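Beneath this line is the structure, given in structure tokens, with notes to follow.
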Amino acid sequence: MDSLPDKSDVESRLTERDREAILKRLGFDFSDSREGKSGWTQNVYGPPELGEGENPNFAVQLNAGAIRDHGSGPNGYSGDLWDAVESVNRCGFREAIEFVCKQAGIEMEKTRAEETDWSPFEGEEVERYPYRDEDGNLLYHRVRFRPPEGIDNPDRPKKFLPNTPGESGWGRGPDPVIYRLPEVQREAETGEEGAVFGVGGEKDGHGLGKAAGCPYGDTTPGSGGGGGGRAARGGRPPPRR
């Protein structure tokens, strides 16, 4: 199946003239329309599929694609260009994208995000972060990957997958736990001398620990999906100077 352009990508290419032409193709009639407030074009006849009768009760925002039926009370139609395409053509989102692209002359090309997306198994494994139970027994690894050579995607600079050795392989069997749980517990028992820091992930936890002279840095349970803010627990903070 061919890849579709991203909806936001298509939306950014549509002009007001494009939206008006698409709406006319769906059965909207602008012959008696007039410009209203806040960019709304009023007195537009809508197609019967959207509940229009003999009067021009619809209003549209050609700069944004919003559509409203002001003549049917609170139950009147309210949606946008994409909703109208699906409702009038009785189609799904894929067909709606294809219809809009065809009417606006937009090629069905892949977006940059699709062209540069990658699977962790296509990339290179660079680190395994072990997650252990209270007694130090290995539960699973959170594996970090870098993109394959030739792929440059700032939105996907790294990816993570959980791995449970000896069981389900690529997947997390046990419930998630705090990274370096045994060390966190030992640190918690030191009382007021312990310190808690906020970091972005396992790598940041390690870096923070080294920078602060701590024996370790930790994060809360990894989700297997990367990203996200995590609470890190370090050792005793360095002395003030």
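The values are calculated or read from the model by the stated rules, or taken from the named source; none is laboratory data. Owing to the predicted nature of the structure, the values given are computational and were not obtained by experimental measurement. Methodologically, a virtual Cβ is constructed for each residue, glycine included, from the backbone with ideal geometry; neighbour enumeration extends over all protein chains shown.
Inclusion of Arg34 among residues that are surrounded by fewer than 16 Cβ atoms within 10 Å (Cβ to Cβ) and assigned by TED's automatic domain parsing to the domain that holds Asn89 is warranted. Of everything in the range 168-198, what is within 10 Å of Tyr140 (Cβ to Cβ), touching a Gly at 6+ places or on another chain (Cβ under 8 Å) and either modelled with pLDDT of 65 or more or of a type in the set (S, T, N, Q) (or both)? Give them in sequence order. Matches in the range 168-198: Pro176 only. Suppose we keep only residues that are under 20 Å from Val85 (Cα atoms) and acidic (Asp, Glu) within the range 33-68. Which one would you say is modelled with the lowest pLDDT? Top of the filtered list is Glu52. As for the range 96-115, it holds at least one residue that is surrounded by 13 or more Cβ atoms within 10 Å (Cβ to Cβ), modelled with pLDDT of 85 or more, among the polar types (S, T, N, Q) and over 17 Å from Asn57 (Cα atoms). The residues of the range 7-31 that are touching a residue at least 60 places away in the same chain (Cβ under 8 Å) and either part of a helix (DSSP H, G or I) or outside the structural domain of Trp82 (by TED's automatic domain parsing) (or both), listed by number, are Lys7, Asp9, Val10, Arg13, Asp18, Arg19, Ala21, Ile22, Leu23, Arg25, Leu26.
When residues in the range 74-86 are screened for being of a type in the set (Ser, Thr, Tyr) and either touching a helix residue (DSSP H, G or I) at 6+ places or on another chain (Cβ under 6 Å) or under 12 Å from Ile22 (Cβ atoms) (or both), 1 of them pass.
Could you list, ordered by first residue, the pairs with Cβ atoms under 9 Å in which the first is in the range 130-152 and assigned to a loop (DSSP other than H, G, I, E, B) and the second is of a type in the set (Ser, Thr, Tyr), at least 6 apart or interchain? So the pair list comes out as Pro147/Thr116; Pro148/Ser119; Ile151/Thr116; Asp152/Thr116.
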